[in-house]
Amino acid sequence: MAWREVNFDGIVGPTHNYAGLSYGNVASAKHKGMVANPREGVLQGLEKANHLRSLGMTQGVLPPHDRPHLKALRDHGFTGSDADMLAAAWKANPALVANVSSSATMWTANAATISPSPDTVDGRTHFTPANLAAMYHRSLEAPVTARILKVMFPEGDRFAHHDPLVGGTHMGDEGAANHSRFCADYGAEGVALYVYGRGAFANAADLTFPGRQTEEASRAIARSHGLKDGKTLFVRQNPAAINAGAFHNDVVAVSNRNVHFYHEQAFEDPDQLDRDIQAAMGDVAMQFVRVTADKVPLADAVKSYLFNSQLISAPSREGMTLILPTEVAETPSTKAYVDELIASGGPIRHADYLDVRQSMRNGGGPACLRLRVALSDEDQAAMGSNSILDDALVETLRDWAKKHYRDRLAVEDLADPKLMEESFAALDELTQILKLGSVYDFQR
Ligand code: SUG
């Protein structure tokens, strides 16, 4: 039985904009008010996904969500037609409209936490959509994410779905962005590392920015997924990293199979963590690629998103490949580091730089844009929907994006009822292309 890691990239939505909504995410704050180009954003994302496919990876997509999210406006007491509600909400509270219009669902590393079947006691792959409780605009995502995942991975003897955690920010959960899985191969039993920002009931006085993920949330997910004894680790993110703008652990660390690539300031005691991971892995030798601050200062890591790269085992290449944002090539310390890393003959042999600037300006690099799922041939055959890319689907999605997306979107445009109509028309067509059924509220 063959196994692979499938990356499901979030398609950038038609309302992609820069409203500066995420406190603690320095890129989002820095680009607040800038004019966005949703069409360029969606095409950059598809280009990245297609690049992975060209390397022999199996590549899927996840759709954007319905924005503006009219259900949220109704929950705020707005009534009448869709256009009436949008107009009244914009008049009453433009920031609310910006929040319910965000295209943040593109960052699918935050969609869910997934434990593949080799790691679970019942031998099923478990999914928990992230509640994203820390940020209002993202807290709207979980119900639709849950519906989409259930269509793509039907509940049954292969796939098991859990409800998003309840408990508000005390049980704040940001999904796979704070979860790493180490293994010899994707189909072998793995070790899950959960990284949290704070304890749910502790006073994290050392944080200036929000610690979005709590330890209790991480432990609840590991428990409900039925992970095997001795195969889970929980560690706190270094508060210095959060305060420097690493609002998710995947801004300072990334893993693939037996390789952990991370900044030395990602964790308070990296030596201890290396030992703990190695002990849990048993006979499988880990390779730790620790980047020191004298080579790459933490600020450069956060600015360039060096660690928000995708670390992949491409079937067409010897050794692992880093899929990096072009910002890494433009930052002298990170460019020099990557050149040295590739020349060193270690496990990471290739560096591919891709332009995902539309997403990067909101703090979303290559790794934020994808949700990883380890799947066997049989798992893949059991999937629902038409969400795995082939030549035809890539072409269809490019044409679809060019037909529906604007090339200019300022925050004020979010008040435009025509944008809402365009967005819903695009998404309605997309659910047909991806064979997802009626997953959006406006279709129900
Ligand atoms: O949650 N940005 C996202 C970026 C998520 C990146 N994901 C990972 N690191 N895995 C966030 O902060 C900004 C939206 C705005 O400002 O309009 C935003 O939501």
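The values are calculated or read from the model by the stated rules, or taken from the named source; none is laboratory data. Just so it is clear, the model here is predicted, and its values are computed rather than measured. Here the Cβ positions follow ideal geometry from the backbone for every residue, glycine too, while neighbour counts run over all protein chains shown.
Annotation for the range 282-291: at least one member residue is out of contact with any Phe, Trp or Tyr (no Cβ under 8 Å at 6 or more places or on another chain), more than 21 Å from residue 5 (Cα to Cα) and surrounded by fewer than 20 Cβ atoms within 10 Å (Cβ to Cβ). Checking the range 123-142 against the condition returns no match, with no residue being away from the ligand (no atom under 16 Å from the Cβ) and in a helix (DSSP H, G or I). For the range 147-201, the strands (runs of 3 or more DSSP E) that sit wholly inside it and include 3 or more residues that are closer than 20 Å to residue 233 by Cα are 179-182, 191-196. Residue-level check: of (1) closer than 20 Å to residue 431 by Cα; (2) among the small types (Gly, Ala, Ser); (3) free of Cβ contacts under 8 Å to residues at least 40 places away in the same chain, residue 77 misses just (1). Against the test of being modelled with pLDDT of 95 or more and out of contact with any Lys or Arg (no Cβ under 7 Å at 6 or more places or on another chain), the options 245, 197, 211 yield a single qualifying residue, 245. Among residues of the range 162-182 that are touching a residue at least 60 places away in the same chain (Cβ under 8 Å) and within 12 Å of the ligand (Cβ to nearest atom), those with a Cβ under 9 angstrom from a residue that is part of a helix (DSSP H, G or I) and basic (Lys, Arg), sequence gap 6+ or separate chain, pair up as 174/138.
If the condition is being within 22 Å of the chain's Cα centre (by Cα), in a helix (DSSP H, G or I) and not hydrophobic (A, V, I, L, M, F, W, C), then the range 383-399 contributes only 398. Looking only at residues of the range 101-122 that are surrounded by fewer than 24 Cβ atoms within 10 Å (Cβ to Cβ) and part of a helix (DSSP H, G or I), we find that the one that is farthest from the chain's Cα centre (by Cα) is 118. Residue pairs whose Cβ atoms lie under 7 Å apart, separated by 6 or more positions or on different chains, with the first residue in the range 116-140 and under 21 Å from residue 171 (Cβ atoms) and among the hydroxyl-bearing types (Ser, Thr, Tyr) and the second within 16 Å of the ligand (Cβ to nearest atom) and assigned to a strand (DSSP E or B), are 128/112; 128/113. Pairs are defined by a Cβ separation below 7 Å, a sequence spacing of at least 6 or placement on different chains, a first member in the range 417-444 that is within 21 Å of residue 146 (Cα to Cα), and a second member that is of a type in the set (D, E, K, R) and assigned to a helix (DSSP H, G or I); the pairs so defined are 439/147; 441/71; 443/428.
Looking for something outside any loop (DSSP other than H, G, I, E, B), within 16 Å of the ligand (Cβ to nearest atom), over 16 Å from residue 360 (Cβ atoms) and in contact with a Lys or Arg (Cβ under 9 Å, 6 or more places away or on another chain) - is there at least one such residue anywhere in the range 295-313? There is at least one residue in the range 295-313 that is outside any loop (DSSP other than H, G, I, E, B), within 16 Å of the ligand (Cβ to nearest atom), over 16 Å from residue 360 (Cβ atoms) and in contact with a Lys or Arg (Cβ under 9 Å, 6 or more places away or on another chain).
So for the range 353-376 (the condition being β-branched (Val, Ile, Thr), farther than 26 Å from residue 111 by Cα and outside any helix (DSSP H, G or I)), does at least one residue qualify? No: the range 353-376 contains no residue that is β-branched (Val, Ile, Thr), farther than 26 Å from residue 111 by Cα and outside any helix (DSSP H, G or I). Comparison of 71, 48 shows that the only residue that is at pLDDT 95 or above, within 20 Å of residue 147 (Cα to Cα) and part of a helix (DSSP H, G or I) is 71.
Being in contact with a Gly (Cβ under 8 Å, 6 or more places away or on another chain), within 16 Å of the ligand (Cβ to nearest atom), at pLDDT 95 or above and not basic (Lys, Arg), is that true of even one residue in the range 382-404? No. Here's a check for you: in the range 217-248, which residue that is in a helix (DSSP H, G or I), away from the ligand (no atom under 16 Å from the Cβ) and out of contact with any strand residue (DSSP E or B) (no Cβ under 8 Å at 6 or more places or on another chain) is nearest to residue 297 (Cα to Cα)? Per the criteria, the residue is 240. Of everything in the range 7-40 that is away from the ligand (no atom under 12 Å from the Cβ) and of a type in the set (D, E, K, R), the residue that is nearest to the chain's Cα centre (by Cα) is 9.
Within the range 2-52, the residues that satisfy the criterion of being of a type in the set (Lys, Arg) and surrounded by fewer than 18 Cβ atoms within 10 Å (Cβ to Cβ) are 30, 32.
Out of curiosity, is residue 287 over 21 Å from residue 109 (Cβ atoms), away from the ligand (no atom under 16 Å from the Cβ), of a type in the set (S, T, N, Q) and touching a residue at least 40 places away in the same chain (Cβ under 8 Å)? When the stated conditions are applied, residue 287 passes them.
Would you say residue 414 is touching a strand residue (DSSP E or B) at 6+ places or on another chain (Cβ under 6 Å) and farther than 23 Å from residue 297 by Cα? It is false that residue 414 is touching a strand residue (DSSP E or B) at 6+ places or on another chain (Cβ under 6 Å) and farther than 23 Å from residue 297 by Cα.
Among the residues making up the range 353-402, those that are touching a residue at least 12 places away in the same chain (Cβ under 8 Å) and small (Gly, Ala, Ser) are 359, 363, 364, 365, 367, 374, 376, 382, 384, 385, 387, 401.
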